[in-house]
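Chemist: My questions all concern the structure below.
The values are calculated or read from the model by the stated rules, or taken from the named source; none is laboratory data. In this text the structure is predicted, and so the values were computed from the model without any measurement. Glycine gets a Cβ as well: all are built from the backbone with ideal geometry, and neighbour counts include every protein chain shown. All accessible areas refer to the heavy atoms of the entire protein, side chains included, with ligands and DNA or RNA removed. Shrake-Rupley method; radii C 1.70, N 1.55, O 1.52, S 1.80 Å.
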Amino acid sequence: MNMPTADSLSALLADARAALPATVDLRRRLHRTPEVGLDLPATQAIVVEELRALGLEPRLGSATTSVTAVIEGARPGPTILLRADMDGLPLTEETGLAFASRAPGTMHACGHDIHIAMLLGAARLLVAPRDAIAGRVLLMFQPGEEGFHGARVMLEEGLLDLPAGQEVTGAFALHISTRYASGTIDYRPGPMLVAADFIRLTIRGRGGHASAPHETIDPIPVAAEIVLALQAMVTRRVDVFDPAVITIAHIDAGTTTNIIPETAFVEGTIRTASEATRALVHAGVRRVVDGICAAHDAIAELEIIPGYPVTINDPAFTAFAAGVAAETLGSGAVVELASPIMGAEDFSYVLQRVPGAMFFVGARPPEEDPATAPQNHSNRVVFHEPAMAVGAAVYAAVALRHLAG
Ligand SMILES: [Zn+2]
């Protein structure tokens with residue numbers, strides 16, 4: 001049996017560092033041509049070409065431009081899934097970089113170009129030591145992470161449907177971030193990211209003259225009361241150690257000073273760090289909205305639109321993967337986070353089905369001040385590219401150890 005040792009894990013890092021120029025070239029090529037949503041044909045073509053160059057056989061999704069490929073080990077065993085998302089964001093890049101986006105209004109501002117390059121880098125590291133693999137590595141390249149539920153589409157297309165004995169027993173994803181120092185792995189067990197759901201509410205009253213409100217049903221004070229009551233509901237009904245955030249980010253009603261409008265429109269987001277609090281807050285929003293509208297004879301048309309579920313890192317897999325990352329990088333580079341990040345991720349759908357984890361790879365350029373470094377989703381975000389070697393090595397190390405037999 002060819003069990004990878006700590007030495008061979010640090011050799012993976014050395015190998016990934018030696019390959020960094022090629023990884024950087026690939027990343028910059030992807031960075032110039034970002035695409036948004038579920039349909040990423042140019043990105044898919046690059047991923048397919050790179051997989052074929054490694055001797056792998058890419059499989060294409062039918063509903064979207066997803067790609068999967070399998071690295072088959074020399075011996076039988078289960079499957080580990082490694083995931084990279086591939087989509088950009090609808091904003092205009094203002095980094096001034098030589099390889100900045102050439103697609104107007106579109107930018108790889110969340111670093112998904114880096115995720116693709118890191119996972120292909122890991123694939124290159126994993127193709128060589130097939131003798132050390134009992135089972136297989138399933139590479140998942142998904143479109144549509146930024147709000148389009150791309151991972152869910154891939155699950156519905158049978159991503160995890162493997163024959164008995166080859167089941168996916170672990171799933172692992174890395175996300176680049178300028179929140180953390182370059183070259184670190186940043187993680188926590190349990191909730192890692194939160195659920196993000198959306199409130200869309202129309203309060204229907206009866207319009208009329210602003211001088212005679214008693215002859216109308218004015219939706220504006222109803223809206224104001226609801227906005228404040230939602231904040232009171234969160235502080236009075238939600239455990240502070242299992243937190244929730246409600247932000248009403250948009251209100252729209254009326255046209256001028258002497259008209260009471262027919263309707264008021266209110267929308268915002270709900271963030272929760274557990275499925276239990278998520279359900280409790282949804283029920284609370286409905287109760288507050290329905291109760292206040294009823295109290296004022298207004299009609300509530302409320303939609304709570306589910307976004308991504310809570311991203312929950314399996315504690316055992318998380319301890320395993322953090323240990324492997326520490327062996328690969330040195331324990332000083334692996335940092336346990338005190339609290340979840342209030343963003344959301346559709347890798348959560350995969351983690352609902354398979355024990356696994358998502359970790360961050362720190363990529364804040366060393367010269368940047370942590371307090372002011374542009375964050376993911378900023379039009380000025382710049383990632384420190386050498387961190388890609390860390391990501392590629394950790395992906396590969398986690399897969400090798402999981403499948404060591
Ligand atoms: Zn992202």
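Chemist: Return the calculated 222 nm mean residue ellipticity for the chain, to the nearest 500 deg cm²/dmol, obtained by summing -39500 (n - 2.57) across DSSP H runs with n ≥ 4 and dividing by the residue count.
Modeler: -11000 deg cm²/dmol
Chemist: Another question, then. Extension gain Ala11-Arg287, at 0.36 nm per residue separation less the Cα-Cα distance, in nm?
Modeler: Full extension from Ala11 to Arg287 adds 93.6 nm.
Chemist: Suppose all protein chains stay in the model; what accessible area per residue would a 1.4 Å probe give for the chain, in Å²?
Modeler: On a per-residue basis, 41 Å².
Chemist: Right, something else. Between Ala316 and Ala212, what is the label-to-label distance in nm when each label sits 7 Å out along the Cα-to-Cβ direction?
Modeler: 7.2 nm
Chemist: Could you work out how far apart the two model spin labels at Thr256 and Thr372 are, taking each label as a point 7 Å from the Cα in the direction of the beta carbon, and quote it in nm?
Modeler: Placing both labels 7 Å along Cα→Cβ, they lie 4.6 nm apart.
Chemist: Could I ask something else about it? Want the number for Asp39 to Val227: 0.36 nm per residue separation, take away the alpha-carbon distance, what's left?
Modeler: Length gained between Asp39 and Val227: 64.0 nm.
Chemist: Could you grab the relative contact order for the chain? Cα pairs under 8 Å, six or more apart, rounded to a whole percent.
Modeler: 26 percent
Chemist: Given Cα pairs under 8 Å that are at least 6 residues apart, what percent is the relative contact order of segment 1-118?
Modeler: 31 percent
Chemist: A further question follows. How large is the convex hull of the C-alpha atoms of segment 116-172 per residue, in Å³?
Modeler: Numbers: hull volume 5.4 nm³, N = 57.
Cα-based convex hull of segment 116-172, divided per residue, equals 95 Å³.
Chemist: Here is a further query. Given N residues in the chain, what is its alpha carbon radius of gyration divided by 2.2 N^0.38 Å?
Modeler: The value comes to 1.11.
Chemist: For segment 220-360, what does the convex hull of the Cα positions come to per residue, in cubic angstrom?
Modeler: 138 Å³
Chemist: If you don't mind, there's one more thing I want to ask. Using a 1.4 Å probe over the heavy atoms of the protein chains, calculate the carbon and sulfur portion of the accessible area of the chain as a whole percent. Please list the in-between numbers first.
Modeler: Numbers: 9150 of 16630 Å².
Accessible surface attributable to carbon and sulfur in the chain totals 55 percent.
Chemist: At 7 Å along Cα-to-Cβ for each site, give me the label-to-label distance between Ala279 and Arg52 in nm.
Modeler: Computed distance between label sites Ala279 and Arg52 equals 4.9 nm.
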